[in-house]
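Contents: one structure, followed by commentary.
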Amino acid sequence: MQRRTYFYAALMLTLVTVGFLVVPVVMSVMAGLTKNFFVGLKSGLTLEWVFRVWELYQDTIWRSMGIALACLAITLIAGVPAAYGLALSKSRWARIFEETLILPVAVPGLAIALALIQTYGGFREFRMSWAFILVGHVLYTLPFMVRSVLAVLSSIPLNEYEEAAASLGANKRRRFFDIVVPNAMPGIMAGSLMVVTLSIGEFNLSWMLHTPLTKTLPVGLADSYASMRLEVASAYTLVFFIMIVPLLIAMQKFGQTGTARKPTQH
Amino acid sequence: MNSTSSQNTRINLRRCAKTFGNTQVLKPVTLDIQAGETVVLLGPSGCGKTTLLRIISGLEAPDHGSAILFNDEDVTSRPIEKRQVGMVFQSYALFPNMTVRQNVGYGLTTGQGDERLTKADRDTRIETMLKMMRIQDLADRSIDQLSGGQRQRVALARAIAPRPKVLLLDEPLTALDATLRDDLRMEINALLRDLGITAIYVTHDQSEAMALGDRIVVMSEGTIEQIGTPEEIYHQPNNMFVATFIGATNALSGHWGHKGFVPRGMEVPVAALRMAAQGGNLMCFRPEDVDLIEDGDQASGALKGIARTIAFVGSCHRVIVELPGNQTVTLESAWCHPPHPGDPVLFKIQENGVLPVWSNEA
């Protein structure tokens, strides 16, 4: 009897907590879909605000997606070989480098942005293009890619595979593409999803680095909250959810299959 | 077997040494390996045998002044991928992202050597390899679906498929259980004979070395102790290390008099003076190189002791005998009536049984 009471008490607590967190999300979504938020649901549901967001801010959505993909490309090209190098190297410098890579994660985005502006703000064309934001995003997301790939490479006998492939005549390039990349795939996938998700949602750096012509989605969102009707801003949030939630689910799913596969590897 | 035989390669090592940091783990080694020969590098762990193998493969660069020749061609500065060596690793190192077939065929796609193979050539070669190692049924399996023995077969097939100049095997059987090890050892032996390929095999297991090697190179602490056929190594060890590392050896202490060896605590010589064995204060012989005297007739030069431990080991009995002077020896012989603990045992060391090694007891 006592156990049952405990069970229901715990259940209630969980539900209250979940409710506390979920209600604002639901409210926000509803706000984006009702005709007049202050009147409430009885004013009726509409997609008008969503279309308005599309009209006003679709450039920020495309830009954010573009930056996220460019960021992904750069972190893949730079991050995977970097992780490979770090995994093979046994030197102390490699470990130190590995640690410094996390620095951009620990330093506040605003500080990084300021440093970038101080150093490169003088290059006008660069400062005014979306590439300026891209640089900030790469700095911020690269460690996630490297760490994610490195974690997988450190868990397999990479050196032995390398030596075996080399004994079969494979040069460095072949070894990288035939052996390293396929075996690092779980890490590359997890890292990629992380990079895209982080880049799309990144606000601190983007806020400092953007110009009125290079707004990203989160910056546009802040802008709409400040200057538009609440319904528009809420509809904007809804659009953001639609973009980011599938990525988050994919990440979650991938993380699970990634860990589930490990025992069979040995 | 013509389709799988490879060109025979002679290997010459000239003063090959390796230093890690301040330690020279491999003292300068000079070794000539005949084409088609199987040479076993044998020694305890840390003796430098794996380092030597890795130098031959090109995975490790030797110290300055070393030279490695494949058929008189200097390959010292070539990395492993340009040496056309086949390698089998202790851990197999099969690629988990590829099927069995893809693993076996990988070396055919890298364009090593001067061979340019068409897709059809490659497929035929892979099929031949799979058939030879009897793993056709596993061709499309992934690596983590294979047992240890199957993995080893795949690793062998993968190493041989590109027709390497030399096959290098680094303790390939260590990770397997005993029965499987014996079976695969025989298979590897037959395979190496069939292919006629030059092979270098590293192991710490002396029975593996005896069974596989045309010649055995016994190593310890970075130097070669002896090079010879299994028979030579066993019957004519160069020194105490080889005598004790290969097979079981009894070492009796005593002194060499002008009539032969007199064990401690005894008055008459028990082994005739012969060969270069004399010297030092030890006399070594194998447990099986003794004649038992079971009918009680006292022959000259016989040793008499008390049986302490008796074990039946299948082909014979192994008896540990305590001799006067507080020495024990192990005897292996087919007793008609094996002794019981405490029984007297009378035996003679066979005339050729004394090993040509001498040492001053440490």
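The values are calculated or read from the model by the stated rules, or taken from the named source; none is laboratory data. Everything numeric in this text was worked out from a predicted model, so none of it was measured. Here the Cβ positions follow ideal geometry from the backbone for every residue, glycine too, while neighbour counts run over all protein chains shown.
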Tabulated pairs, region B:163-175, first at negative phi, second in a loop (DSSP other than H, G, I, E, B) and hydroxyl-bearing (Ser, Thr, Tyr), C-beta under 8 angstrom, 6+ apart or interchain: B:164/B:6; B:165/B:6; B:165/B:9; B:166/B:9; B:175/B:91; B:175/B:92
Name the residues in region B:247-269 that are closer than 17 Å to residue B:329 by Cα and β-branched (Val, Ile, Thr), would you? B:249, B:262
Of the numbered conditions (1) among the β-branched types (Val, Ile, Thr); (2) surrounded by fewer than 15 Cβ atoms within 10 Å (Cβ to Cβ); (3) within 14 Å of chain A (Cβ to nearest Cβ), residue B:200 satisfies every one except a single condition; which is it? (2)
Inside region B:85-107, the number of residues satisfying the requirement of being more than 7 Å from every other protein chain (Cβ to nearest Cβ), closer than 27 Å to residue B:61 by Cβ and not in a strand (DSSP E or B) is 3
Only one of (1) of a type in the set (A, V, I, L, M, F, W, C); (2) in contact with a helix residue (DSSP H, G or I) (Cβ under 9 Å, 6 or more places away or on another chain); (3) within 13 Å of chain A (Cβ to nearest Cβ); (4) assigned to a helix (DSSP H, G or I) fails for residue B:130. Which number is that? (3)
Residue identified as within 25 Å of residue B:57 (Cα to Cα) and assigned by the TED database to the domain that holds residue B:107 among B:161, B:178: B:161
Taking the criterion of being at pLDDT below 85 and of a type in the set (Phe, Trp, Tyr), would at least one residue in region B:246-257 satisfy it? yes
Taking the stated definitions as given, is residue B:208 of a type in the set (Asp, Glu), closer than 29 Å to residue B:34 by Cβ and outside any helix (DSSP H, G or I)? no
Of the criteria (1) within 16 Å of residue A:81 (Cα to Cα); (2) at pLDDT below 90, which one residue A:124 fails: (1)
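Taking residue A:254 as the residue in question, decide whether it is among the aromatic types (Phe, Trp, Tyr), within 25 Å of residue A:145 (Cβ to Cβ) and at pLDDT below 85. First the steps, then the outcome.
Numbers: among the aromatic types (Phe, Trp, Tyr): yes; within 25 Å of residue A:145 (Cβ to Cβ): yes; at pLDDT below 85: yes.
Spelling it out, residue A:254 is indeed among the aromatic types (Phe, Trp, Tyr), within 25 Å of residue A:145 (Cβ to Cβ) and at pLDDT below 85.
Those residues that are part of a loop (DSSP other than H, G, I, E, B) and in contact with a strand residue (DSSP E or B) (Cβ under 9 Å, 6 or more places away or on another chain), I need them from region B:133-158; list them, please. Spell out how you get there, then give the answer.
Taking region B:133-158 and keeping what is part of a loop (DSSP other than H, G, I, E, B), we get B:133-135, B:139-141, B:146-147.
Matches in region B:133-158: B:139, B:140, B:141.
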Could you tell me which of the residues B:110, B:128 is surrounded by fewer than 22 Cβ atoms within 10 Å (Cβ to Cβ), out of contact with any Asp or Glu (no Cβ under 6 Å at 6 or more places or on another chain), in contact (Cβ under 8 Å) with a residue 60 or more places away in the chain and among the β-branched types (Val, Ile, Thr)? B:128
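Might you let me know whether region A:146-162 holds any residue that is within 14 Å of chain B (Cβ to nearest Cβ), within 30 Å of residue B:104 (Cα to Cα), touching a Pro at 6+ places or on another chain (Cβ under 8 Å) and without any contact (Cβ under 8 Å) to a residue 24 or more places away in the chain? If you could, list the steps in order and put the result at the bottom.
The first filter runs over region A:146-162 and keeps only residues within 14 Å of chain B (Cβ to nearest Cβ), leaving A:152-153, A:155-162.
Pick out the ones that are also within 30 Å of residue B:104 (Cα to Cα) and you get A:152-153, A:155-162.
Checking the rest, the ones that are also touching a Pro at 6+ places or on another chain (Cβ under 8 Å) come to A:152, A:156.
With the extra rule that they be without any contact (Cβ under 8 Å) to a residue 24 or more places away in the chain, the set shrinks to none.
The answer is no; no qualifying residue exists.
For region A:168-254, which helices (runs of 4 or more DSSP H) that fit wholly inside it have 1 or more residues that are over 17 Å from the mean Cα position of the chain (by Cα) and away from every other protein chain (no Cβ under 14 Å)?
Values: elements: A:172-175, A:181-201, A:204-209, A:217-227.
Correct list: A:204-209, A:217-227.
Out of A:91, A:28, report the one residue that is of a type outside the set (Asp, Glu) and under 18 Å from residue A:151 (Cα atoms). Step through it out loud before you land on a result.
On the way: A:28 fails: under 18 Å from residue A:151 (Cα atoms).
Going through A:91, A:28 in turn, the sole match is A:91.
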